[in-house]
1. Looking at Asp253, Asp257 in this structure, which one is assigned to a helix (DSSP H, G or I) and open to solvent by 40 Å² or more (accessible area, probe 1.4 Å)?
2. Looking only at the range 145-167, which residues are farther than 23 Å from Ile227 by Cβ, over 18 Å from the mean Cα position of the chain (by Cα) and not acidic (Asp, Glu)?
3. When the residues of the range 168-183 are narrowed to those that are out of contact with any Asp or Glu (no Cβ under 9 Å at 6 or more places or on another chain) and charged (D, E, K, R), which ends up most open to solvent (accessible area, probe 1.4 Å)?
4. Of the residues in the range 124-153, how many are open to solvent by less than 20 Å² (accessible area, probe 1.4 Å), β-branched (Val, Ile, Thr) and in a helix (DSSP H, G or I)?
5. Taking helices (runs of 4 or more DSSP H) that do not extend beyond the range 1-97, which have at least 1 residues that are crowded, with 20+ Cβ neighbours inside 10 Å and at pLDDT 95 or above?
6. For the range 121-137, which residues satisfy the criterion of being under 16 Å from Ser199 (Cβ atoms) and over 20 Å from the mean Cα position of the chain (by Cα)?
7. Identify the residue in the range 222-248 that is open to solvent by 90 Å² or more (accessible area, probe 1.4 Å) and either assigned to a loop (DSSP other than H, G, I, E, B) or of a type in the set (D, E, K, R) (or both) and, among all such residues, is nearest to Pro148 (Cα to Cα).
8. Looking at Tyr193, Tyr156, which one is surrounded by fewer than 17 Cβ atoms within 10 Å (Cβ to Cβ), in contact with a helix residue (DSSP H, G or I) (Cβ under 6 Å, 6 or more places away or on another chain) and at pLDDT 95 or above?
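The values are calculated or read from the model by the stated rules, or taken from the named source; none is laboratory data. Worth saying up front: this structure is predicted, and the values here are computed from it rather than measured. All Cβ positions, glycine included, derive from the backbone under ideal geometry; neighbour counts span all protein chains shown. To get the accessible areas, we keep the full protein, side chains included, count just its heavy atoms, and leave off ligands, DNA and RNA. Shrake-Rupley method; radii C 1.70, N 1.55, O 1.52, S 1.80 Å.
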Amino acid sequence: MLISKKLIASILAGLLIGSTGYAATADRENLAQVALLQSLAQGYFGGTVTVKDLRAMGDTGIGTFEGLNGEMIVLDGTVYQALGDGRVVVAPDTEIIPFANVTYFDNDISIKLSNIADKASLEKILNQAVKEQGENSFYMVKLHTKFPSILFRSEYGSSKPYPTLVEALKGKQTEFTHKNIKGTLVGLYCPNYMGELNSVGWHFHFISDDRKHGGHILELAIKDGEIQLDKTDKFSMTLHKDKHFHEINLAKDMSADIRSAEQDTQSAMNNAQ
């Protein structure tokens, strides 16, 4: 018997209402965002949303934790925290989240991949799919395969008073290179009009099959695999109930810092000083 996404969403919403204030808005066709990447870029590493709250918003996604303490990978409903020393742990429900994006993942589109030399080549293929399917939608992606090579980063947490995102990464970013490692890429595409709320284009995180390694992907190669895309046409954003969050000038242009945080290795950041 086939069950529609809308029916499933209604059932889930009914089950979740009452467990948390955030659960009542759960929707399989919604991309839920906690705060803005622009607030994170300016050094707002605090928050009021917990891991428990986030798990009620979606089962797949990416983000970070209070104090910029590592990279977040949400996969199959579990929130993983890739720490600065390279370890991966399951984040406790009480952990605070300053920024994240999650959705309930459905495989709407599949693309077979072969002989992908680098991240730019992967993005080129995904951009073509987005152009065909609709450039103004959101896309969460998943890819499980063996990566011939992959470079990812995480970071140690910062203490108050928090630095900006780029300054924190310059001093605390750690990078890891692996060969022939099995794992899952989780990524997000944001359309061009999201430039003042998030990072436009693609953002990828990684977690290994043994759940021992993970982080924000800086570079990769793919021999073969099938990447899944979840096309989403709804968007919601939760803002923090914190007076310090509302003191931030969110009209400030942080695009250069965000680009650096998304793409640069630590050496590139330090050389830019």
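1. The conditions single out Asp257.
2. Within the range 145-167, Ser158, Ser159, Lys160, Pro161, Tyr162, Pro163, Thr164 qualify.
3. Looking at residues that are out of contact with any Asp or Glu (no Cβ under 9 Å at 6 or more places or on another chain) and charged (D, E, K, R), I get Lys179.
4. 1
5. 37-41, 51-55
6. Listed by number, the list is empty, since nothing qualifies.
7. Filtering first and then ranking leaves Lys223.
8. After applying the criteria, what remains is Tyr156.
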